[in-house]
1. Determine, yes or no, whether residue 89 is modelled with pLDDT of 65 or more and more than 15 Å from residue 121 (Cα to Cα).
2. How many residues, within region 73-84, are crowded, with 20+ Cβ neighbours inside 10 Å and either more than 18 Å from residue 124 (Cβ to Cβ) or in contact with a Cys (Cβ under 8 Å, 6 or more places away or on another chain) (or both)?
3. Taking only pairs six or more apart or across chains, which ones have beta-carbon atoms under 6 Å, a first residue in region 72-84 that is within 14 Å of residue 49 (Cα to Cα), and a second residue that is open to solvent by 60 Å² or more (accessible area, probe 1.4 Å) and in a helix (DSSP H, G or I)?
4. Just give me the residues in region 30-46 being farther than 14 Å from residue 87 by Cβ and modelled with pLDDT of 90 or more, in sequence order.
Amino acid sequence: MASIVDRIFGVKCVANTGSTARDFCMLERNILSHVKLALLLSVLSASLLLQTRLVPSEGEDIGASRYGVPLASLQFAAALLAIAAGIVEYLSGCRDLLRMSAFLRSPKPHLAIMTVVIAVVFVTCIILLDLE
């Protein structure tokens with residue numbers, strides 16, 4: 001029965017020697033951090049969208065509503081990129097863990113994707129500060 005489950009889910013046993021369990025927990029913690037970042041960016045995207053759909057009052061600036069949809073789209077794209085970066089890092093780390101090779105090196109695709117996410121957040125902050 002165990003071999004059927006292993007074939008379906010691709011479960012492989014890795015000997016718990018040294019810091020294997022700690023390293024796997026680190027991988028799980030990192031992907032959960034990426035999911036948390038993606039959720040925060042999604043909430044920011046939703047708040048920008050809600051601000052654009054509210055009826056502006058007489059003294060309210062229309063510039064915020066003009067930039068709301070593009071900024072919300074950027075934030076949502078950044079959320080999807082954060083999840084993609086987390087998955088890339090997790091799969092790369094699991095593959096290295098199964099091969100018993102060192103995986104504390106920084107994978108270049110993860111760094112590139114997270115640089116784009118940081119740039120989107122930074123640009124959004126500058127635009128929102130400029131609107132006020």
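1. Yes, satisfied.
2. 0
3. Listed pairs, sorted by first residue: 75/44.
4. 36, 39, 40, 41, 42
The values are calculated or read from the model by the stated rules, or taken from the named source; none is laboratory data. In this text the structure is predicted, and so the values were computed from the model without any measurement. Here the Cβ is made from the backbone with ideal geometry for all residues, glycine too, and neighbour counts use every protein chain on show. Ligands, DNA and RNA are stripped out before the accessible areas are found, and what is left, the full protein with its side chains, is counted by its heavy atoms. Shrake-Rupley method; radii C 1.70, N 1.55, O 1.52, S 1.80 Å.
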